[in-house]
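One structure is given below, encoded as structure tokens.
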Amino acid sequence: MTANSSSLMPARSAIAAPSVIIVLAPGETPLPQRSEGRAIDRVAQLTSLLEALVDPAHAIDALGYRKALEARSQNTVKALANDLACYAAFCTVRGGPALPASAARVVAYCDHVETLGLKPATAARRLSSLAVIHGLLGVTSPTREAVVRDTMAGYRRRQGTRQRQAGALRFGAGIEAALALHGEEGPADEGRRATRAAFTLTALLAACDTDPPGLRDAALLSLGYDTGLRVAELVRVACEHIAASDDSSGAGTLFIPTSKTDQMGEGAYAWISSESMRRIGAWLKAAGFQSGAVFRRVAVRRIKAQAAVKPVAIGTLSPNAQLTEERLYGRKALPGKITYAIGEGAITPAAVRLILKRTALRSADLGLVELYGQALDAAIAQLSTHSLRVGLTQDLFANGADAGPVAQALRWTSTSTALRYGRALAPASNATAQMLRDVRR
């Protein structure tokens, strides 16, 4: 527990700076419980849907079915359940045998989802889920037939295949500005240098306070950008996964036990900048723990300061005045107090999304970005938990990196996703650009 810690006082808080600040380490007090909806058992949901859709002649072995689902990630099982629920709604209206499906039924289903306005990428994912379900049934999937492939080709031609991409949260400062941020300039100078017409990592970091929630948010944003972690990987980061480098650079490495492309848990490593290491260290020191999940909930409880009350002389009171201890003896001034209670478990992906959007809005309120009105609303709406990963990818392309090293750094199995994320910046690092940059000035 830390009291009267002036170093943790909010630097730019709208509330008057308190004279007493208390930080309760994990386990010292229970955090308020948030009302949450009942978790959906996706395996049970899939089982129920299959029982309703599958022809009895094609019943599957329950144990084999469960073991097949255990080999897939939770997000994959969730996607299968959601996609099969969509197909079930279509079959309810159309009638007739649902599973195994005929090619004609799948073509009709493609026409149905196009009518709903779904993007070709979403429709392709739902067909992929149907193919998985047919594999569980032990039958050939109709999605592989030529008529279905031609249907999807027409679908893509009519709708286009460009996918909506999360807004990129790029670093946002040139080399000179970045070096200046680590000099002797104060937060105001740092903020002015971060001003841009779009949200940047630099602007968001400058908007983070120096209280425990602000230290946590800054560490999360900084590490998320350095490593390009997916949000599910970011919330699973533990103190034991972070190691300082052997040299004197102050940098470090992060061990990633599992990921979307590493379900078997072979593990991977990512580089951490010295700035991120400092921010993580500041957060852990303020929060009072050195093991377990790095990014945790912080409950904040505020008590307003109370002014002193002078005692009132009895002789000055009216005969029917109400006598209280406070009126007779007065009351000393009571200082304000803020208590930060650190949780024991990791934050959720939804919390990361809120942190991003809240910090972005605060950076706009502080004048760290030149966005106003509808442009500000649109920029905040584009931010997602993937924005740091997209921003790092685009910065790597802008720095001249090729698609191969970019895919390796961000742990993609192919370069196609990296090229999609950095489509607008990739030409600046291709073979033509490298050859002619210094020739055709």
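Apply 1/(1 + (r/R0)^6) to the Cβ-Cβ distance of Val93 and Arg278, taking R0 = 51 Å, and write down the FRET efficiency to the nearest 0.05.
With R0 = 51 Å, the Cβ-Cβ based efficiency is 0.30.
The H on the amide N of Ile256, modeled in the peptide plane, is under 5 Å from the matching H of Ala268, Tyr269, Ala270, each at least 5 residues off or on a different chain.
Please order Val235, Val369 by the number of other Cβ within 10 Å, starting at the fewest.
Listing Val235, Val369 from fewest to most nearby Cβ atoms yields Val235, Val369.
Here is the list for segment 307-383: chymotrypsin sites (Phe, Trp or Tyr not before Pro) lying in DSSP coil, each with at most 12 other C-beta atoms within 10 angstrom of its C-beta, are Tyr372. What FRET efficiency would be calculated for the residue pair Gln408, Val309, taking the C-beta separation as r and a Förster radius of 56 Å, to the nearest 0.05? The formula returns an efficiency of 0.25 here. Percent of alpha carbon pairs in segment 275-374 separated by more than 16 Å? For segment 275-374, the fraction of Cα-Cα distances above 16 Å is 76 percent. Step through the table entries Lys78/Lys285; Lys67/Lys119; Lys119/Lys260, compare each Cα-Cα distance with 29 Å, and write down the pairs that go over it. Pairs exceeding the cut-off: Lys78/Lys285; Lys67/Lys119.
Would you mind ranking Met264, Met277, Met152 by Cβ crowding within 10 Å, fewest neighbours first?
Fewest-to-most Cβ neighbours within 10 Å comes out as Met264, Met152, Met277.
Simple point charges give the picture: +1 on the Cβ of Lys and Arg, -1 on the Cβ of Asp and Glu, and for segment 42-159 a dipole about the Cα centre of about 460 debye. Relative protection proxy for 90-100, 214-224, from highest mean packing down: 214-224, 90-100 (other beta-carbon atoms within 10 angstrom). Each Cα pair under 8 Å and six or more residues apart adds its sequence gap; the mean of these over the residue count of segment 42-159 is a relative contact order of 30 percent.
Amide H to amide H distances under 5 Å link Val23 with Thr2, Tyr340, where only residues 5 or more positions off or on other chains count and H is placed in the peptide plane. For Arg66 and Gln290, a Förster radius of 45 Å and the Cβ-Cβ distance give a FRET efficiency of 0.70, rounded to the nearest 0.05.
Sorted ascending by nearby beta carbons within 10 Å, beginning with the fewest, Ser416, Ser363, Ser274 become Ser416, Ser274, Ser363. Listed values for segment 108-115 are Karplus-derived 3J(HN,Hα) couplings in whole Hz (6.51 cos²θ - 1.76 cosθ + 1.60, θ = phi - 60°), namely 5, 5, 4, 5, 5, 6, 5, 4, and x replaces Gly and Pro. Relative contact order for segment 307-372: 28 percent, from Cα pairs under 8 Å spaced at least 6 residues apart, divided by residue count. The C-alpha atoms of segment 42-159 occupy a region whose extents along the principal axes are 42, 29, 24 Å, arranged from largest to smallest. The amide H of Phe171, built 1.01 Å from its N in the peptide plane, has Leu201 as neighbours under 5 Å, considering only residues 5 or more places off or on other chains.
When the Cα centres of segment 311-366 and segment 115-157 are compared, how far apart do they sit, in Å? The two parts, judged by their Cα centres, are 57 Å apart. Within the same chain, lysines fewer than 8 places from Lys332 are excluded, and of the rest, those with a Cα less than 23 Å from its Cα are Lys304, Lys310.
Just so you know, all these numbers are worked out from the coordinates, no wet-lab data involved. Being a predicted model, the structure only gives us computed values, none of them experimental. FYI the Cβ positions are ideal-geometry reconstructions off the backbone, even for glycines, and counts take in every protein chain you see.
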